Amino acid sequence: MKEIFNRLSKNPGRTLGLVLISFIANILALASSVFVMLVLGRYVTYGVDATLFTLVGGVIIAVIMEFSFRQLRLRMVRNSNASAEAELAIGAFGTLITCRPEALNNQTAQSRPQLLRDLETVSSAFNASNICTVLDVPFALLFIAALFMLNTVLGVIATMFVVLVLLFRFVGQMIQKRQAQTLQEATARSAMLFGDVIRSPDTARIFDLNGWLIKTWTDATIKMNTARSKIVQSNGAIEISIASIQILLGVVIIAVGATFVVAGELDVGALIGANILAARALAPVSRLSQLSPLFGRAGVALAELRAMATLNTEEGLNSPANAYSGQLELRDISFTHDNSPAPLFESLNLSIPAGGFLLIKGANGAGKTTLIRLILGLLVPGRGQILADGVNVRQLSAQWWREHSSYMPQEPYFFDASIRSNLQNANPSVSEKQLTAILENSGLKQYIQENALGIDMQLTAGGTNLALGIRKRLALARAMVNDAPIVFFDAPTEGLDTDGRARVHAALDWLSKQGRTVIVASDDRNIVSRADIVLDLDRKPVPAVAHVAGAPSLSAVKQ
C-alpha cells in the first residue's frame with residue numbers, strides 16, 4: 001500500500017486528476033441504486049411509462065459514462081505506472097552492475113537470482129487495476145453517506161461491516177507477510193539448486209551426487225510447499241470470511257430495514273436501494289482485502305529490492321588529467337578472507353614501473369587471483385593502498401580504472417551475445433581491421449572461418465557452448481582488444497594446447513614490446529622466464545619480492 005502512495009505522490013497533478021475522476025465515477029455508480037428506488041417508488045406506484053423510459057435512459061447514460069471514466073482512469077494509471085516500473089527495474093539492475101564488489105559479495109547467493117522474481121511480484125501487485133481498486137476505497141464513504149441519508153441505523157450497520165472487513169485485511173496481511181518471507185527464501189533455494197543441476201549435470205552424475213541432491217531438493221520443496229500451503233489456507237480463510245461478511249451484511253440490512261418498512265419509516269424501494277448501496281460500499285474494501293496476500297508478497301519483494309538499492313556504488317572522486325603510464329605501487333597491503341583466522345598475506349610492498357612484467361607465483365589458494373582482483377578494485381584490502389601513477393585507485397573513478405586496465409581471468413565468462421559484441425563492448429572504438437588482427441593473433445581466425453556465422457556466432461550460458469581452449473583464446477582476444485596500459489593475466493595458459501600457449505607467450509611479448517605493464521599469475525616456465533619482478537605468495541604472511549636482473553621483458557623483447 002505504501003508503494004502505491006509513493007507512486008501517486010510523485011505526480012500530484014495527475015493524482016489530483018485521478019481522484020477527481022474516481023469521485024465522478026463513484027457518483028455515477030449511485031445511479032443504479034437511485035434507479036431501483038425510483039422505479040419501485042414512482043413507476044410501480046403511478047404506472048407512468050414515460051417515467052420508466054426516462055429512468056432507464058438516464059441509468060444507461062450513467063453506466064456508459066461511469067465505464068468511460070473508469071477506462072480513462074485505468075489508462076492514466078497504466079501510463080503512470082509504466083514509468084515507475086521501468087524506474088524500479090532499471091534502478092535495481094543499475095545498482096547490481098555498479099555496486100562495489102565487496103558489497104555484492106556480502107549479499108547472500110540466494111538473494112541475487114531472486115531479484116527478477118521480486119520485480120515480477122511487485123509489478124503484479126501494483127498493476128493499474130489494483131491501484132484503481134485502492135483509489136475506489138475512500139469513496140465507499142459516498143455509499144455509506146447515501147445510506148445515512150436514507151436511514152441512520154442502516155448507515156451505522158454498513159459502517160461496522162466495512163470496518164470489520166478492513167480489520168480482517170490488516171490481520172491477514174500481517175500473517176501472510178511472514179509466510180511470504182518464508183516462501184521467498186525456500187523458492188530462492190530451490191531455484192539455485194535447480195540452476196546448479198542445469199549448469200553442470202555431469203558433476204552430479206560423475207560424483208554420484210544424486211542422493212544428496214534429491215534430499216536437498218526434497219527438503220527445500222517441502223519447506224516451499226508448506227509455506228505455500230499456509231498462504232493458500234490463509235487466503236481461503238480470508239476469502240471465505242469476506243464472502244460470509246458480505247452475505248451477512250445483506251441479511252442484516254434486509255432484516256433491520258424490514259422493521260422500518262413495517263413501521264412506515266422506509267418503503268420497499270428504499271430498502272432494496274439501501275441493500276445495493278451497502279453492497280457497493282463494501283465491494284472496494286472486499287476487493288482490497290482479497291489483494292492483501294499479493295500486497296504482502298510485494299512488500300517482502302520491495303524490501304529485497306530496497307536492500308539492493310542501499311549497496312554502496314562504485315563512485316570514484318576523480319579521473320586523472322594525465323594519461324596513465326602503467327606504473328603501479330602496492331603499499332602495506334593486507335588481506336584476510338571472511339571467517340579466516342589468518343591473513344592471506346600482509347605487509348605487501350611492491351613497486352612496478354611502467355612497462356614492467358610482474359609474475360605472481362604460489363600454490364593453489366596462495367592468493368594469486370585474490371591479489372589481481374584487489375588491484376582491479378574487485379576486492380578491498382584490509383589495510384594498505386594501491387596506487388596508479390601515485391594516486392590511490394580507491395579515489396579514482398572506477399570506470400576510468402577499468403578503461404585503463406584489461407584482464408584475462410582464469411575462468412573466462414562471456415555474455416549471451418555474439419563473439420563480435422563481446423569483443424567490441426570491451427572497446428567500442430576498435431576497428432574491423434584491428435579486430436581481425438587480434439583474432440588471428442589469438443589463434444581464433446580458423447575457428448571463426450569454419451563457423452557458419454563467423455564472428456557473429458552467438459555465445460550462450462556464459463560461453464560454455466565453446467570448448468575451454470576456444471574460450472581461453474577468446475578471453476585472450478578480449479584482453480588484447482582493450483589496448484590498456486596495464487594488463488592482468490590469471491593462469492592464461494591453463495587448458496590450452498601447444499599452439500594456444502604459444503599464442504599467449506607471443507601476446508605477452510607483444511604487450512611488453514608496446515610498453516604495457518603486464519601482471520601474470522602463472523607457473524608456466526616460459527612465462528616465468530619473461531618476468532623482471534617475481535612475487536612469491538607462498539611466503540607467509542609477508543610475500544617475497546625478487547627483482548630479476550637482465551630480465552628479457554624489459555631488455556631483449558623491447559630491443
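Answer rounded, prolate or oblate for the range 420-470, using the Cα gyration tensor with square roots of eigenvalues a ≥ b ≥ c: rounded when a/c is under 1.5, else prolate when a/b is larger than b/c, else oblate.
Numbers: a/c = 1.74, a/b = 1.27, b/c = 1.36.
Here the range 420-470 falls in the oblate category.
Considering only the chain, what is the antiparallel percent among its DSSP beta bridges, to the nearest 5? Among the beta bridges of the chain, antiparallel pairing accounts for roughly 50 percent.
The reciprocal of the average 1/r between distinct C-alpha atoms defines the Kirkwood hydrodynamic radius, which for the range 213-274 equals 15.2 Å.
Percent of Cα pairs in the chain per distance bin of 10 Å, from zero to the largest separation: 3, 13, 18, 17, 14, 11, 9, 7, 5, 3, 1, 0.
How high is the relative contact order of the range 328-547? Use alpha-carbon pairs under 8 Å, at least six apart in sequence, and give a whole percent.
That works out to 31 percent.
Basic side chains Lys and Arg get +1 at the Cβ, acidic Asp and Glu get -1 at the Cβ, and with that the dipole of the range 328-547 about its Cα centre reaches some 140 debye. The fraction of Cα-Cα pairs per 5 angstrom bin, counted from 0 for the range 214-354, comes to 2, 7, 8, 8, 8, 8, 7, 7, 6, 6, 6, 6, 5, 4, 3, 3, 3, 2, 2, 1, 0 percent, rounded to whole percents. The residue among Leu248, Ile60, Ser289 whose Cα reaches farthest toward the positive pole of the charge dipole of the chain, with charges on the beta-carbon of Lys, Arg, Asp and Glu, is Leu248. Relative to the first principal axis of the alpha-carbon coordinates of the chain, what is the inclination of helix 268-290, with its axis defined by its Cα atoms, in degrees from 0 to 90 and to the nearest 10? Value to nearest ten degrees: 10. Of the residues Leu439, Thr464, Thr336, the one whose Cα sits farthest towards the positive end of the charge dipole of the range 328-547 is Thr336 (charges of +1 on Lys and Arg Cβ, -1 on Asp and Glu Cβ, taken about the Cα centre).
I'd like the chymotrypsin sites (Phe, Trp or Tyr not before Pro) in the range 375-426 restricted to DSSP loop residues with at most 13 other Cβ atoms within 10 Å, sorted by number. Show your work: numbers first, answer last.
Values: sites: Trp400, Trp401, Tyr407, Tyr413, Phe414, Phe415; in loops: Tyr413, Phe414, Phe415.
In loop regions of the range 375-426 (DSSP not H, G, I, E or B), the sparsely surrounded chymotrypsin sites (Phe, Trp or Tyr not before Pro) are Tyr413, Phe415.
On the principal axes of its alpha-carbon atoms, the range 129-186 has extents of 53, 23, 9 Å, going from largest to smallest.
Taken over the range 328-547, the alpha-carbon convex hull comes to 123 cubic angstrom per residue.
Amide hydrogen proximity for Phe489: with H placed 1.01 Å from N in the peptide plane, the residues at 5 or more positions away or on another chain lying under 5 Å are Met408, Ile519, Val520, Ala521. Based on the Kirkwood approach, the hydrodynamic radius assigned to the range 241-292 is 11.7 Å, with every pair of different Cα atoms included.
Laboratory data are not the source of any read-out in this text; all were calculated from the coordinates shown. This structure is a prediction, so every number in the text was calculated from the model and none was measured. Every residue, glycine among them, receives a Cβ derived from its backbone with ideal geometry; neighbour counts consider all protein chains shown.
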